[in-house]
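The values are calculated or read from the model by the stated rules, or taken from the named source; none is laboratory data. For clarity, every value in this text was computed on a predicted model and none was experimentally measured. As a convention, Cβ positions derive from the backbone with ideal geometry for all residues, glycine included, and neighbour counts pool all protein chains shown.
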């Protein structure tokens, strides 16, 4: 009923929204003598804000048309490598033009798979993440589908299916791949790599990086973690799961609606969002186009949400946030136990934000306690001061401090793989730990196993 009420409200308000849009055009028209008066400017600003907050936001575009390498502009073309019902494996192919420098270096750049979260926002939320990696990496990303656009006959999509998709993507991309999981997919990504390691899959990735991921949510639990723990699974099933209404392609599919996820996100910082829209009104009146454009750029992305498959959502709540299956060693994939200690050929790096209010400090670095057989010289942890959850993978600190460290780790692993011994990685690890004047990137020592007497 939530979903049907939401759709009905949009239908009812559509005439008002179109009327507001037309009235705004009249209020700003040069033929309107009131347009240059305070009354006209306030009227136009109010109508603009109303149209903005009641609009429906579709899936944004990545809009990454080029990158720069060694001072030379290189064109970017998006291509779908593998299309599946719930996800496209998207490649940002760098096109070597006639003026491109060192095309052989581009061909040899490390392959990186960015695993975007399936948590309500589209993969385009990682636009800045992709853009920072493009100059020196061959970048792929998981572009998850809006579940309301997936027909019911395609079947369900649960946590096991998510792991299946990741394993297939890694196998398609081949060896010497570097995996970066952002937030929520850290758990299924680690599970996928552990299963590949247990089967001695030749396509095991060379490195795995987890950024702000809920590996063990019992460590420094946040408000989000506590909500998931305080409510029984039946509460989520009865209160937030809805059927997709007709005439959407995925009509009658059970989903966790994106608008409910967005409501939860906004309610956590309601005062900040209210202030932002009041400032939008003031800037529209003043004609501050730069501030207005910055506001639109952020909220066009933030307010674009997608529905999640109910199976995946409920299984994630239960396994990751309530029962802690992975850190307690109970997680299974297709009936087989997920054993992270089987991982021996994949370097590990974890990244956390000091002020992360979604994934508390220690939740991501818990991966080091699970991956007990990753060599000591191939374990890294970095805590970025003064950033929240979003700042871990986007923004100025991501570009200037976090991404360079991940890039150095990837290059270090590449060098070790080509040299065949551990010395180059150890040497570069020292450089990595002292780069950019930040001493809190550390090599995580391998824990010794306790032996029974």
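Identify the residue in segment 222-231 that is without any contact (Cβ under 8 Å) to a residue 12 or more places away in the chain and surrounded by 11 or more Cβ atoms within 10 Å (Cβ to Cβ) and, among all such residues, is farthest from the chain's Cα centre (by Cα). Full working, then the answer.
The first filter runs over segment 222-231 and keeps only residues without any contact (Cβ under 8 Å) to a residue 12 or more places away in the chain, leaving 226-227, 230-231.
Filter once more, keeping what is surrounded by 11 or more Cβ atoms within 10 Å (Cβ to Cβ): 226-227, 231.
Numbers: 226: 21, 227: 21, 231: 25 Å.
Among those residues, the one meeting the criterion is 231.
Quick check: is even one residue across segment 207-216 surrounded by 15 or more Cβ atoms within 10 Å (Cβ to Cβ) and over 30 Å from residue 345 (Cα atoms)?
The answer is no; no qualifying residue exists.
Residues in segment 170-181: is at least one surrounded by fewer than 24 Cβ atoms within 10 Å (Cβ to Cβ), at pLDDT below 90, outside any loop (DSSP other than H, G, I, E, B) and touching a helix residue (DSSP H, G or I) at 6+ places or on another chain (Cβ under 9 Å)?
No, because not a single residue in segment 170-181 is surrounded by fewer than 24 Cβ atoms within 10 Å (Cβ to Cβ), at pLDDT below 90, outside any loop (DSSP other than H, G, I, E, B) and touching a helix residue (DSSP H, G or I) at 6+ places or on another chain (Cβ under 9 Å).
Working only within segment 149-164, note down all residues that are part of a helix (DSSP H, G or I), surrounded by fewer than 22 Cβ atoms within 10 Å (Cβ to Cβ) and in contact with a strand residue (DSSP E or B) (Cβ under 9 Å, 6 or more places away or on another chain).
Taking segment 149-164 and keeping what is part of a helix (DSSP H, G or I), we get 149, 152-154, 159-164.
Next, from what is left, pick out any that are surrounded by fewer than 22 Cβ atoms within 10 Å (Cβ to Cβ): 149, 152-154, 160-161, 164.
The answer is 160, 161, 164.
Here are some residues: 308, 361. Which one is modelled with pLDDT under 95 and within 28 Å of residue 406 (Cα to Cα)?
Numbers: 308 fails: within 28 Å of residue 406 (Cα to Cα).
Exactly one residue qualifies, and that residue is 361.
What helices (runs of 4 or more DSSP H), lying completely within segment 246-325, carry at least 3 residues that are surrounded by fewer than 18 Cβ atoms within 10 Å (Cβ to Cβ), at negative phi and without any contact (Cβ under 8 Å) to a residue 60 or more places away in the chain? I'd like the intermediate steps shown before the answer.
Numbers: elements: 258-268, 270-286, 289-302, 310-316.
Qualifying helices (runs of 4 or more DSSP H): 258-268, 270-286, 289-302.
For residue 67, are the conditions met, namely being at pLDDT 85 or above, surrounded by 15 or more Cβ atoms within 10 Å (Cβ to Cβ) and either out of contact with any helix residue (DSSP H, G or I) (no Cβ under 8 Å at 6 or more places or on another chain) or on the phi < 0 side of the Ramachandran plot (or both)? Lay out the reasoning, then the answer.
Working: at pLDDT 85 or above: yes; surrounded by 15 or more Cβ atoms within 10 Å (Cβ to Cβ): yes; either out of contact with any helix residue (DSSP H, G or I) (no Cβ under 8 Å at 6 or more places or on another chain) or on the phi < 0 side of the Ramachandran plot (or both): yes.
Spelling it out, residue 67 is indeed at pLDDT 85 or above, surrounded by 15 or more Cβ atoms within 10 Å (Cβ to Cβ) and either out of contact with any helix residue (DSSP H, G or I) (no Cβ under 8 Å at 6 or more places or on another chain) or on the phi < 0 side of the Ramachandran plot (or both).
Quick grid of which residues meet (1) part of a helix (DSSP H, G or I); (2) assigned by TED's automatic domain parsing to the domain that holds residue 142; (3) surrounded by 13 or more Cβ atoms within 10 Å (Cβ to Cβ):
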site: 36; (1), (2), (3): no, no, no
site: 39; (1), (2), (3): yes, no, no
site: 43; (1), (2), (3): yes, no, yes
site: 51; (1), (2), (3): yes, no, yes
site: 74; (1), (2), (3): no, yes, yes
site: 78; (1), (2), (3): no, yes, yes
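With respect to residue 375, determine if the residue is touching a helix residue (DSSP H, G or I) at 6+ places or on another chain (Cβ under 8 Å), modelled with pLDDT under 90 and more than 20 Å from residue 136 (Cβ to Cβ).
Details: touching a helix residue (DSSP H, G or I) at 6+ places or on another chain (Cβ under 8 Å): no; modelled with pLDDT under 90: yes; more than 20 Å from residue 136 (Cβ to Cβ): yes.
Taking the combined requirement at face value, the residue does not satisfy it.
Return a yes/no flag: does segment 184-206 have any residue that is farther than 18 Å from residue 326 by Cβ and not in a loop (DSSP other than H, G, I, E, B).
Scanning segment 184-206 turns up no residue that is farther than 18 Å from residue 326 by Cβ and not in a loop (DSSP other than H, G, I, E, B).
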